[in-house]
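The structure appears right after this line, and notes come after that.
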Amino acid sequence: MAALGNLAFTERDFAEARLQFGIAISLVGLEEGRLESYQKSYRIASNAVMALSLGNEEGRKVLDEMIAAGVKPNEVTLTTLVKKGSRLKLDANWLSSLGPKNNGTPAKDFTALYFL
């Protein structure tokens, strides 16, 4: 599946890459490093699908599927959705629970974002 996902990336078929990496991350018993690699590829493909989508609703659907698959959105995901016109609302409890990372930068976890 991952090989098919990589092939889809080379052909710029991000929807197919997303599908194949989605299947790959659902496999039971993957080594942690391999799972993280597949999740990263799934995230990249999902961000590309959002960027190429025609509207906000399609992007939000991809985000919901990403979170359901256990893949954390990142800054690119957030930026892409904002550019697509999503209005963001932050969960106040989540914001207050953020602690500093090693370098004092606030922790980043966009799974607590939700969209109006």
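Is the range 10-18 home to any residue that is without any contact (Cβ under 8 Å) to a residue 24 or more places away in the chain and of a type outside the set (Asp, Glu)? I'd like the intermediate steps shown before the answer.
Here is the first cut: in the range 10-18, the residues without any contact (Cβ under 8 Å) to a residue 24 or more places away in the chain are 10-13, 16.
Next, from what is left, pick out any that are of a type outside the set (Asp, Glu): 10, 12.
Within the range 10-18, one or more residues are without any contact (Cβ under 8 Å) to a residue 24 or more places away in the chain and of a type outside the set (Asp, Glu).
For the list (1) closer than 16 Å to residue 70 by Cβ; (2) at pLDDT 90 or above, I need the number of the one condition that residue 28 fails.
(2)
Could you check the range 24-65 and list, in sequence order, the residues that are of a type outside the set (Gly, Ala, Ser), over 15 Å from residue 79 (Cα atoms) and surrounded by 15 or more Cβ atoms within 10 Å (Cβ to Cβ)?
Across the range 24-65, the qualifying residues are 25, 30, 35, 38, 39, 42, 65.
Can you go through 84, 72, 61 and tell me which one is closer than 17 Å to residue 14 by Cα and not hydroxyl-bearing (Ser, Thr, Tyr)?
61 is the lone residue from the list that is closer than 17 Å to residue 14 by Cα and not hydroxyl-bearing (Ser, Thr, Tyr).
Does the range 12-22 contain at least one residue that is out of contact with any helix residue (DSSP H, G or I) (no Cβ under 9 Å at 6 or more places or on another chain) and either under 21 Å from residue 83 (Cα atoms) or open to solvent by 60 Å² or more (accessible area, probe 1.4 Å) (or both)? If you could, list the steps in order and put the result at the bottom.
If we filter the range 12-22 for residues that are out of contact with any helix residue (DSSP H, G or I) (no Cβ under 9 Å at 6 or more places or on another chain), which is where we start, we get none.
No, the range 12-22 has no match at all.
Six or more apart or on different chains, Cβ atoms under 6 Å: show the pairs whose first residue is in the range 43-64 and touching a residue at least 12 places away in the same chain (Cβ under 8 Å) and in a helix (DSSP H, G or I) and whose second is of a type in the set (A, V, I, L, M) and open to solvent by 50 Å² or more (accessible area, probe 1.4 Å).
Here the result reads 47/76; 49/15, each pair linking the range 43-64 to a residue that is of a type in the set (A, V, I, L, M) and open to solvent by 50 Å² or more (accessible area, probe 1.4 Å).
The values are calculated or read from the model by the stated rules, or taken from the named source; none is laboratory data. Just so we're clear, the structure is a prediction, and the values are computed from it rather than from any experiment. No Cβ is skipped: glycine too gets one built from the backbone with ideal geometry, and neighbour counts run over all protein chains shown. Note: accessible area is taken over every heavy atom of the protein model, side chains too, but ligands, DNA and RNA are not part of it. Shrake-Rupley method; radii C 1.70, N 1.55, O 1.52, S 1.80 Å.
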